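The structure under discussion appears below in the form of structure tokens.
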Amino acid sequence: MTHTSKKLDNSQIELTITVLPNDYQPHLKKAAHRLSERKAIKGFRNGKAPFDIVKKEMGDMAILQEALEDIVKQTFYDALKAEAVETIGMPQISVEKLAPDNDVVYKAVVALLPKVQLPKLTDITVKREAATIDQSKIEETFHALRGMHATEIPKDGIATDTDKLVVNMQMFLDNIPVEGGQANDHQVYLSEKHYIPGFEEQLKGSKKGDVKKFQLDFPETHYQKNLAGKKVDFTVTVKDVYERQLPELSDDLAKKVGQDSIEKLRELITNNMDAESKQKADQKVEIEILDALIDKSTFDPIPQVLIDAERQKMFYELQRDLDRNGVTIEQYLGDIKKTEQEIFEDFKAQAEKRAKAALISRQVAQEQSIVVGEEELDAEMKKLEEAYKGNQEYMDNLKKPGVRESVATTMQNRKVMEWLKEQVLMKD
């Protein structure tokens, strides 16, 4: 096998690889065996026909075409080793010459892993904000817990601040019914802010059987982009009104949620909020560190394949978040009047930033010899298996090729970030 190489724009390399007949002969024999397993040859059991018989029955070209993928895989890998370059993503293969008993010639274009020049970490300082707990949030949590255990009694009078209404609702935009804007038996808690600001206020003072018509401004950030920032008309029929009697904050309430006393419950809520506050402060610090490193590092051109891989991850993450909220990707795209390809384009800038962050993490790991040992990785895989042992789909995913490597990368990134925080965080 021989090869030549040529550097291309955007951190790519083109390899022209020539494979001699003697070099690819072993692949022909394996290919002939596979073909004989798939197609019956008279006088032989599947997979037992000699090479010469398979060649006579199926032809030299069929065998060579079957062997091509294996020929390319081996010789492309050998050429990369000879070039001593690091690549990323799958190569684009174009066959230049393919004929029995002749040299196989093909071109492979593949992205090179971009080089990164990190800045001096002494030039970067980040300050962690103090984690604080909003006491009003604790009281809101207690109120929500009381609400979960409220007693609801049908009411004939007008609805007041703490009542619950069951309504049928219709929404209109420019006198046209909004697709998906109808809801029957919709529950409205007047003591809680509705996702459409002002909605609950419009229903205060209503009673069973009332029909209320009003107009509200949808938030600019509403997920239904066709409604965001628009004035929407509502017709709401009040079917039922319930008086909600909330239980007292007592040990009995605490026991209903698995705690011995109201003091223990308050302690649990406070600890959870403290942990959440610290986590948010940590996330903010990590974003600031990566932003500073991205800003001060020098990168080779980022290959499109790397950006596209990040965009694909972002699209998957969007789908996952929509699924959690009961919204299909088709509904979402319809609401914002965009195609998948347009969304893909919108992700480009953020995807490039994420790709740079991944390259920085990899570079730091190399320079500081930050690695994940096999024992560490085994322990993490066992933790994941234990945590999701009741979820067969997740367990099956854990066994897929590449998942172990992905988990190792995630662990390495965590180690890198902990090391970076030790270097750049300002000491109190």
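Tell me yes or no: at least one residue of the stretch 174-185 is closer than 24 Å to Glu248 by Cβ and either part of a strand (DSSP E or B) or in contact (Cβ under 8 Å) with a residue 24 or more places away in the chain (or both).
no
For the stretch 141-160, how many residues are in a helix (DSSP H, G or I) and either over 12 Å from Ser191 (Cα atoms) or touching a Leu at 6+ places or on another chain (Cβ under 9 Å) (or both)? Let's see the steps before the verdict.
The first filter runs over the stretch 141-160 and keeps only residues in a helix (DSSP H, G or I), leaving 141-148.
Checking which are either over 12 Å from Ser191 (Cα atoms) or touching a Leu at 6+ places or on another chain (Cβ under 9 Å) (or both) leaves us with 141-143, 145-148.
The qualifying residues number 7.
Scan the stretch 204-260 for residues that are of a type in the set (A, V, I, L, M), assigned to a strand (DSSP E or B) and surrounded by 15 or more Cβ atoms within 10 Å (Cβ to Cβ) and jot them down.
Leu216, Val232, Val236, Val238, Val241
From the set of residues in the stretch 49-71 that are out of contact with any His (no Cβ under 9 Å at 6 or more places or on another chain) and part of a loop (DSSP other than H, G, I, E, B), which is modelled with the highest pLDDT?
Filtering first and then ranking leaves Gly59.
Hey, can you tell me all the residues within the stretch 207-258 that are within 15 Å of Met171 (Cβ to Cβ), at pLDDT 95 or above and of a type in the set (Ser, Thr, Tyr)?
If the condition is that a residue be within 15 Å of Met171 (Cβ to Cβ), at pLDDT 95 or above and of a type in the set (Ser, Thr, Tyr), then Thr235, Thr237 are the ones that fit.
Among the listed residues Leu15, Leu35, which satisfies the condition of being hydrophobic (A, V, I, L, M, F, W, C), surrounded by 16 or more Cβ atoms within 10 Å (Cβ to Cβ) and touching a residue at least 40 places away in the same chain (Cβ under 8 Å)?
Every option except Leu15 fails the conditions.
Mind counting the residues in the stretch 72-98 that are in contact with a helix residue (DSSP H, G or I) (Cβ under 8 Å, 6 or more places away or on another chain) and not in a strand (DSSP E or B)?
Of the residues in the stretch 72-98, 3 are in contact with a helix residue (DSSP H, G or I) (Cβ under 8 Å, 6 or more places away or on another chain) and not in a strand (DSSP E or B).
Scan (1) of a type outside the set (A, V, I, L, M, F, W, C); (2) in contact (Cβ under 8 Å) with a residue 12 or more places away in the chain; (3) closer than 30 Å to Phe299 by Cβ; (4) loosely packed, with under 13 Cβ neighbours inside 10 Å for the single condition Lys48 breaks and write down its number.
(3)
Within the stretch 1-54, can you find the residues that are touching a Phe, Trp or Tyr at 6+ places or on another chain (Cβ under 8 Å) and among the basic types (Lys, Arg)?
Correct list: Lys29 only.
On the given criteria, is Ile138 aliphatic (A, V, I, L, M), in a helix (DSSP H, G or I) and closer than 30 Å to Leu249 by Cα?
Values: aliphatic (A, V, I, L, M): yes; in a helix (DSSP H, G or I): yes; closer than 30 Å to Leu249 by Cα: yes.
Against the criterion (aliphatic (A, V, I, L, M), in a helix (DSSP H, G or I) and closer than 30 Å to Leu249 by Cα), Ile138 qualifies.
Being among the aliphatic types (A, V, I, L, M) and assigned to a strand (DSSP E or B) is the filter; apply it to the stretch 1-43 and report the residue that is nearest to the chain's Cα centre (by Cα).
Ile13
Among Gln368, Gln392, Gln350, which is the only one that is surrounded by fewer than 16 Cβ atoms within 10 Å (Cβ to Cβ), touching a Phe, Trp or Tyr at 6+ places or on another chain (Cβ under 8 Å) and assigned by TED's automatic domain parsing to the domain that holds Leu293?
Gln368 is the lone residue from the list that is surrounded by fewer than 16 Cβ atoms within 10 Å (Cβ to Cβ), touching a Phe, Trp or Tyr at 6+ places or on another chain (Cβ under 8 Å) and assigned by TED's automatic domain parsing to the domain that holds Leu293.
Out of everything in the stretch 99-133 that is in contact with a Phe, Trp or Tyr (Cβ under 7 Å, 6 or more places away or on another chain) and not in a loop (DSSP other than H, G, I, E, B), what residue ends up being surrounded by the most Cβ atoms within 10 Å (Cβ to Cβ)?
Val104
Quick check on this structure: which one of Phe218, Phe172 is of a type in the set (Phe, Trp, Tyr) and farther than 28 Å from Glu140 by Cα?
Step by step, each of Phe218, Phe172 is checked, and only Phe172 is of a type in the set (Phe, Trp, Tyr) and farther than 28 Å from Glu140 by Cα.
Scanning for something free of Cβ contacts under 8 Å to residues at least 40 places away in the same chain and surrounded by fewer than 16 Cβ atoms within 10 Å (Cβ to Cβ), does the stretch 149-168 turn up at least one residue?
For the stretch 149-168, residues free of Cβ contacts under 8 Å to residues at least 40 places away in the same chain and surrounded by fewer than 16 Cβ atoms within 10 Å (Cβ to Cβ): absent.
Considering (1) at pLDDT 90 or above; (2) exposed (fewer than 15 other Cβ atoms within 10 Å of the Cβ); (3) in a helix (DSSP H, G or I); (4) not β-branched (Val, Ile, Thr), say which one Leu265 fails and leave the rest.
For Leu265, the failing item is (2).
Looking at this structure, is Lys313 surrounded by fewer than 18 Cβ atoms within 10 Å (Cβ to Cβ) and touching a residue at least 60 places away in the same chain (Cβ under 8 Å)?
It is false that Lys313 is surrounded by fewer than 18 Cβ atoms within 10 Å (Cβ to Cβ) and touching a residue at least 60 places away in the same chain (Cβ under 8 Å).
Do the conditions hold for Asp335, that is, is it modelled with pLDDT of 85 or more and assigned to a helix (DSSP H, G or I)?
Values: modelled with pLDDT of 85 or more: no; assigned to a helix (DSSP H, G or I): yes.
No: the conditions fail for Asp335.
The values are calculated or read from the model by the stated rules, or taken from the named source; none is laboratory data. None of the values given here were measured: they were computed from a predicted structure. For neighbour counting, all protein chains shown are included, and Cβ atoms are generated from backbone atoms with ideal geometry for every residue, glycine included.
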